[in-house]
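Rule-based calculations on the coordinates, nothing more; no lab input. Quick caveat, the model's predicted, so the values are computed rather than measured. Here the Cβ positions follow ideal geometry from the backbone for every residue, glycine too, while neighbour counts run over all protein chains shown.
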Amino acid sequence: MEFEFREKFISNINVAQSVIKDILERINGNLDEDNLFDLRLILNELICNSIIHGNLNIEDKLVSLVLLIDSETIEISVSDEGEGIGSVPDYIKNEMKNHGRGLVIVKGLSDDFNIIGHTVKVMKKLA
């Protein structure tokens with residue numbers, strides 16, 4: 001399967017859920033149930049994190065999503081217009097803190113996980 005999705009959208013949870021729903025409908029049947037579940041969870045966590053923590057729910061700020069799927073991998077890049085969180089934050093290293101558990105989940109579901117400023121890049125190998 002070859003799939004490419006690139007879009008910028010306002011920082012609104014309802015808009016984000018609509019974008020995620022659209023993506024999942026487009027690729028339904030092309031990924032197995034486990035990978036589809038993981039993709040849904042990763043997209044939801046990364047996009048909501050960008051809206052809430054990056055853009056501080058300011059609808060004038062945009063979230064940028066790039067999703068690439070081929071026969072071997074899923075690659076996701078989510079950027080916001082916030083301050084960024086720098087290198088891998090302490091809450092990724094300490095899973096018991098109050099914030100960042102979503103990123104810990106995403107990291108656990110991913111084969112490669114990088115945070116660069118206000119962009120999170122994830123790669124997941126398809127089984």
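Local charge sum around Ser110 (other residues, Cβ-Cβ under 13 Å, Lys/Arg +1, Asp/Glu -1)?
That works out to -1.
In deg cm²/dmol and to the nearest 500, what is the mean residue ellipticity at 222 nm of the chain if only DSSP H runs of at least 4 residues count, each as -39500 (n - 2.57), divided by the residue total?
Helix contribution divided over all residues of the chain: -11000 deg cm²/dmol.
Can you tell me the order of 117-127, 17-27 when each peptide is scored by its average per-residue count of other Cβ atoms within 10 angstrom, highest first?
Going by the mean number of other Cβ atoms within 10 Å, highest first, we get 117-127, 17-27.
Determine the relative contact order of the chain: mean sequence separation of Cα pairs under 8 Å and six or more apart, normalised by residue count, in whole percent.
Value for the chain: 27 percent.
Tell me the net charge near Ala127. Cut-off is 12 Å between Cβ atoms, Ala127 excluded, with +1 for each Lys or Arg and -1 for each Asp or Glu.
Result for the local shell: -4.
Can you give the net charge of the other residues whose Cβ lies under 11 Å from the Cβ of Lys8, counting K and R as +1 and D and E as -1?
For residues surrounding Lys8, the net value is -1.
Sorted from largest down, give the three principal axis spans of the alpha carbons of the chain, whole angstrom values.
Between the extreme Cα coordinates on each principal axis of the chain lie 36, 32, 20 Å.
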